[in-house]
Amino acid sequence: MNSTNKAFVYAALAVFFWSTVATAFKIALRELDFIQLIFYASATTVAVLLAILLMQNKTRLLFRQSRKHWLNSIFLGAFNPLFYYLVLFKAYSLLPAQLAQPLNMVWPIVLALLSVPFLGQKIGKLSIVALFISFIGVIFISSQGGIRGFENTNIYGVFLALSSSILWSVYWIFSVRDKRDQIVKLFLNFFFGLIYLTIAVALFSDFRVETGESFYAAIYVGIFEVGITYVLWLKAMHLSTNNAKIGNLVFLAPFVSLIFIHFILKETIFVTTFIGLIFIVSGIFVQQLDKKDRKT
């Protein structure tokens, strides 16, 4: 198998696992509150990332961090996992998975807008069009099947799902400036995030949980939302000769995710969910075209 084929295999595995996590979120939230979920998932992620560092013989890099690097991880750990996942999982606790999952997908559009003040980039006309297209998608998804569906939509949950995209975009902007090894950086961010989450659980929740379906779902989230799946994705991008083609596979994840949501969570998938998701993904593609135009 050549490197291109290997890249697609790694990317396909990553997309598959990312397609399952929305379902795992909802299963975990049946018995855990959203703070417990992110705490146990993050603890698992820290363990997985440490194991990966050991296997890659990179643990020595943990002791070669500059003062600036430590401060960056202390800061970024507050955004991810603390703020980002607390907001996202709270949204999942209030919304059906088929609403929360695609609404979180708008982050590339939000990232383009935030890159103007944070990175000094210019925003093109296509990015404005992309924002409008994605906004239409948000309206379709929030309608839950039709105009009357708005009556059953938790507006606060929609607000949180969209806000999680802002938090992720801010995290990405600051993280991309940090040129450290990706796994080392992610491990340290989650390590400090876990410290913050320990305090959050002590103050606002409870460490006591029963080892049932929800607990195992939280462990699954910790392994496949960030840990192993993130490494598979990095491997795919490293082996690929065309990162754009590999990157576009990510857009399959929300559509595949709806299959798991329907058959495992037994949610009736609304036609408006598909329509809205198509609008959001189309908006992201349009925004990427704007980025390419401004580079040429």
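The values are calculated or read from the model by the stated rules, or taken from the named source; none is laboratory data. Note that this is a predicted model, so its numbers are computed, not measured. All Cβ positions, even for glycine, are placed from backbone atoms using ideal geometry, and neighbour counts span all protein chains on display.
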Is it true that Leu203 is more than 19 Å from Ser66 (Cα to Cα) and at pLDDT below 95? no
Among the candidates Leu160, Leu194, Leu131, residue that is at pLDDT 90 or above and either part of a loop (DSSP other than H, G, I, E, B) or out of contact with any Lys or Arg (no Cβ under 9 Å at 6 or more places or on another chain) (or both): Leu194
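Quick grid of which residues meet (1) within 17 Å of Gly222 (Cα to Cα); (2) touching a Ser or Thr at 6+ places or on another chain (Cβ under 6 Å); (3) buried (at least 20 other Cβ atoms within 10 Å of the Cβ):
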site	(1), (2), (3)
Ala43	yes, no, no
Ala47	yes, no, no
Leu54	no, no, no
Asn57	no, no, no
His69	no, no, no
Ile74	no, no, no
Leu95	no, no, yes
Leu103	no, no, yes
Inspect the stretch 144-155 for any residue being of a type outside the set (Lys, Arg) and within 23 Å of Ala41 (Cβ to Cβ) and give the result as yes or no. yes
Could you please tell me which pairs satisfy a Cβ distance under 9 Å, a separation of 6+ or placement on different chains, a first residue in the stretch 244-256 that is under 13 Å from Ile284 (Cα atoms), and a second residue that is not charged (D, E, K, R) and not in a helix (DSSP H, G or I)? Gly247/Ser240
Looking only at the stretch 149-173, and only at residues there that are aromatic (Phe, Trp, Tyr) and over 16 Å from the mean Cα position of the chain (by Cα), the one that is farthest from Ser73 (Cα to Cα): Phe150
Counting only helices (runs of 4 or more DSSP H) wholly inside the stretch 15-100, the ones holding at least 3 residues that are of a type in the set (A, V, I, L, M, F, W, C), in contact (Cβ under 8 Å) with a residue 40 or more places away in the chain and touching a Gly at 6+ places or on another chain (Cβ under 9 Å) are 34-55
Taking the residues in the stretch 263-279 that are free of Cβ contacts under 8 Å to residues at least 40 places away in the same chain and of a type outside the set (D, E, K, R) as candidates, determine which candidate is surrounded by the most Cβ atoms within 10 Å (Cβ to Cβ). Phe274
By residue number, the members of the stretch 130-148 that are touching a helix residue (DSSP H, G or I) at 6+ places or on another chain (Cβ under 6 Å) and either within 27 Å of Gly77 (Cβ to Cβ) or of a type in the set (Val, Ile, Thr) (or both) are Ile133, Ile136, Ile141
Got a number for residues in the stretch 223-263 being at pLDDT below 80 and within 15 Å of the chain's Cα centre (by Cα)? 1
Ser163 fails exactly one of (1) in contact (Cβ under 8 Å) with a residue 60 or more places away in the chain; (2) closer than 25 Å to Arg60 by Cα; (3) surrounded by fewer than 21 Cβ atoms within 10 Å (Cβ to Cβ), namely (2)
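To keep it simple, each residue is scored yes or no on (1) within 19 Å of the chain's Cα centre (by Cα); (2) of a type outside the set (Ser, Thr, Tyr).
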| residue | (1), (2) |
| --- | --- |
| Thr4 | no, no |
| Tyr10 | yes, no |
| Phe16 | yes, yes |
| Thr20 | yes, no |
| Ala24 | yes, yes |
| Leu32 | no, yes |
| Leu54 | no, yes |
Residues in the stretch 208-229 that are without any contact (Cβ under 8 Å) to a residue 60 or more places away in the chain and more than 18 Å from Lys26 (Cβ to Cβ) total 2
